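The values are calculated or read from the model by the stated rules, or taken from the named source; none is laboratory data. Given the structure is predicted, the values throughout are model-derived calculations rather than measurements. We place every Cβ from the backbone using ideal geometry, glycine too, and count neighbours over all the protein chains shown.
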């Protein structure tokens, strides 16, 4: 499933990971561990070097695909983004590029917590990939309408097109 280097890097990331820091339920903690490793395999299969990823203190894992040159969004801003979301196993649950291909316009604070946190690290014009542990996604309730189970690890590729006041 993994190339040897990817497995080693994913294992090291997992050992040093903050994704378990806020987990008090051992079952969900183990789910985070399993899905994080699975997500790293998905990221590597997309041709990205997972050793270049950065994890925040909250457990958000991110990798820059293309650096933007514009400003970073603030909480008060609205953003225009193209985004695709997957579960850790690679199942796509939504994409703004499907159908009409309309970009999504929303307040920075109008997304799940990990998406919002990740957006604040990006510069306009850039593209990043984020791996969110369950606590930074839809949490214990999941999002049944989108096919997202409780505490699911989520993967988002986000292109930050524009920032509006």
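Just a few scattered comments:
- Test result for residue 145, out of contact with any helix residue (DSSP H, G or I) (no Cβ under 8 Å at 6 or more places or on another chain), in a helix (DSSP H, G or I) and either surrounded by fewer than 18 Cβ atoms within 10 Å (Cβ to Cβ) or modelled with pLDDT under 95 (or both): yes
- Filtered by the rule that a residue be in contact with a helix residue (DSSP H, G or I) (Cβ under 8 Å, 6 or more places away or on another chain), surrounded by fewer than 17 Cβ atoms within 10 Å (Cβ to Cβ) and not in a strand (DSSP E or B), the stretch 59-95 gives 74, 75, 76, 89, 90.
- Residues satisfying the stated conditions in the stretch 18-51, i.e. surrounded by 13 or more Cβ atoms within 10 Å (Cβ to Cβ), farther than 14 Å from residue 88 by Cβ and modelled with pLDDT under 90: 18, 20, 22, 23, 29
- Residue satisfying condition, being part of a helix (DSSP H, G or I), at pLDDT 95 or above, in contact with a strand residue (DSSP E or B) (Cβ under 6 Å, 6 or more places away or on another chain) and under 17 Å from residue 161 (Cα atoms), within set 114, 118: 118
- Scanning the stretch 148-165 for residues that are buried (at least 18 other Cβ atoms within 10 Å of the Cβ) and out of contact with any helix residue (DSSP H, G or I) (no Cβ under 8 Å at 6 or more places or on another chain) returns 148, 157, 159, 161, 163.
- Unmet requirement for residue 138, which otherwise passes all of (1) without any contact (Cβ under 8 Å) to a residue 40 or more places away in the chain; (2) buried (at least 17 other Cβ atoms within 10 Å of the Cβ); (3) under 25 Å from residue 68 (Cα atoms): (3)
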